[in-house]
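Visitor: Provided herewith is a single structure, encoded as structure tokens, for subsequent inquiry.
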Amino acid sequence: MDVLWMVPLLLIPLLMWTSGAFVFYFKKFFYVAWMMCLALLAIPLCILKSGGRDVENMRLIRSLVRHVKYLLGLRFEVSGWEHLQTEGPYVIISNHQSSLDVLGLMEILPDRCTMIAKKELIYAGTVGLICWLGGIVFINRKKTSDAKSVMADAAETMLKDQIRLWVFPEGTRNQNGDLLPFKKGAFHLAVQAQVPIIPVVFSSYRSFYLRKEKQFKSGTIRLKILPKIETKGLTSDDVSDLCDKSFNVMHSAFLETSSSVPQSNGPVSH
Ligand SMILES: CCCCCCCCCCCCCCC(=O)SCCNC(=O)CCNC(=O)[C@H](O)C(C)(C)COP(=O)(O)OP(=O)(O)OC[C@H]1O[C@@H](n2cnc3c(N)ncnc32)[C@H](O)[C@@H]1OP(=O)(O)O
Ligand SMILES: CCCCCCCC/C=C\CCCCCCCC(=O)OC[C@@H](O)COP(=O)(O)O
């Protein structure tokens, strides 16, 4: 009789564990906390290796982050690797659904490649500092003229230091099951530097991750690297067409990869 009252005590954590919302918050908290810890480890390693802010640090950051997908029950299916075998600088553009995109980005990140990010990220504790050490270019989205001038400088640096830049042209995270219209910064950047654009598409996360519904199951993400789009000879007059062309190829690839993503709730095989 005495032990009976303990049943609800044992059931409550069990119910919480099996409830989708509990798993969602647990995995999100774990992700942020673990990334913070990894960044704490990466900071001294990067300083020892490169002495400070250097795009080469991204190689080390990438190797530290690659295992995180396993801890969250995610797997990636990458296609189109051959399109990244392009010499010299280029601009990678991809859709942006969640901070989990960092895991896919780290799956395929080429050498000497860093990102364009909102300036608020620099205040994200150890993650902010590691972003700075990895050479991430921070822009102020609230001041267009500042953002434009930082990106114009980035175009010069890309050529001078042979750097590749990853930009999220939607400009914000989006989980509406489609792509948002693209902003034009990435395309101005590529035209100013006269470098190719390599589009990358992440399939929809909606089969395993729903932010509003508090659902975060195991799942598969298709990452499709598309053929490069040349910008040689283009001028600022061509930016709108370039933007439309890039959007169209990415939109088709997004619909195609997202329709065939395997649903996976059980154990993840690799
Ligand atoms: C061990 C632990 C490790 C942890 C490691 C973690 C690593 C994490 C890295 C991940 C980082 C991910 C971060 C993702 C983000 O932060 S996304 C948000 C930031 N990115 C962007 O916003 C990029 C997309 N935005 C743009 O391109 C915008 O155009 C922008 C340049 C920002 C300006 O935006 P806005 O002010 O809204 O203006 P418009 O877009 O409306 O543009 C106004 C007109 O200006 C023209 N324009 C735009 N850019 C340029 C330019 N560079 N040069 C010249 N002209 C430009 C644009 O065409 C518009 O004119 P028209 O209307 O076309 O005439
Ligand atoms: C206020 C600073 C930003 C909060 C970051 C919280 C701390 C994150 C810590 C670990 C998470 C792993 C690395 C994640 C980096 C992801 C960056 C990101 O996804 O930023 C969102 C940005 O693309 C668009 O922002 P909005 O959708 O416009 O909002």
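Visitor: Sort out which residues of region 172-195 are within 15 Å of ligand 2 (Cβ to nearest atom) and in contact (Cβ under 8 Å) with a residue 40 or more places away in the chain, and write them in order of number.
Guide: Result: Thr172, Arg173, Asn174, Gln175, Leu179, Pro181, Phe182, Gly185, Ala186.
Visitor: Let me ask something additional. Scan region 127-147 and tell me whether some residue there is out of contact with any helix residue (DSSP H, G or I) (no Cβ under 9 Å at 6 or more places or on another chain), assigned to a helix (DSSP H, G or I) and within 16 Å of ligand 2 (Cβ to nearest atom).
Guide: yes
Visitor: Is region 212-225 home to any residue that is within 11 Å of ligand 1 (Cβ to nearest atom) and closer than 14 Å to Ile93 by Cβ?
Guide: For region 212-225, residues within 11 Å of ligand 1 (Cβ to nearest atom) and closer than 14 Å to Ile93 by Cβ: absent.
Visitor: Ser258 - would you say it is at pLDDT 95 or above, under 21 Å from Glu77 (Cβ atoms), hydroxyl-bearing (Ser, Thr, Tyr) and not in a strand (DSSP E or B)?
Guide: The answer is no for Ser258.
Visitor: Of all residues in region 152-165, count the ones that are buried (at least 16 other Cβ atoms within 10 Å of the Cβ) and either touching a residue at least 40 places away in the same chain (Cβ under 8 Å) or more than 10 Å from ligand 1 (Cβ to nearest atom) (or both).
Guide: So the count comes out to 5.
Visitor: Sticking with this structure for a sec: Hey, among the residues in region 52-109 that are in contact (Cβ under 8 Å) with a residue 12 or more places away in the chain and of a type in the set (Ser, Thr, Tyr), which one's nearest to Leu133 (Cα to Cα)?
Guide: Ser99
Visitor: Scan Leu72, Leu38 and give me the residue that is within 12 Å of ligand 2 (Cβ to nearest atom) and either β-branched (Val, Ile, Thr) or under 23 Å from Trp166 (Cα atoms) (or both).
Guide: It is Leu38.
Visitor: Considering every residue within region 166-188, establish whether at least one is of a type in the set (A, V, I, L, M, F, W, C) and part of a helix (DSSP H, G or I).
Guide: Yes.
Visitor: Next up: So which residues in region 158-185 are in contact with a Leu (Cβ under 8 Å, 6 or more places away or on another chain) and of a type in the set (A, V, I, L, M, F, W, C)?
Guide: Hits for region 158-185 are Met158, Leu165, Trp166, Val167.
Matching residues to (1) part of a loop (DSSP other than H, G, I, E, B); (2) at pLDDT 95 or above; (3) closer than 19 Å to Gly80 by Cα:
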site: Gln192; (1), (2), (3): no, yes, no
site: Pro199; (1), (2), (3): no, yes, yes
site: Lys212; (1), (2), (3): yes, no, no
site: Lys232; (1), (2), (3): yes, yes, no
site: Leu242; (1), (2), (3): no, yes, no
site: Val249; (1), (2), (3): no, yes, yes
site: Ser252; (1), (2), (3): no, yes, yes
site: Gln263; (1), (2), (3): yes, no, no
site: Gly266; (1), (2), (3): yes, no, no
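Visitor: Name the residues in region 138-150 that are surrounded by fewer than 20 Cβ atoms within 10 Å (Cβ to Cβ) and not small (Gly, Ala, Ser), would you?
Guide: The answer is Phe138, Asn140, Arg141, Lys142, Lys143, Thr144, Asp146, Lys148, Val150.
The values are calculated or read from the model by the stated rules, or taken from the named source; none is laboratory data. The structure presented is a predicted model; accordingly, all values stated were derived computationally and were not measured. Every residue, glycine among them, receives a Cβ derived from its backbone with ideal geometry; neighbour counts consider all protein chains shown.
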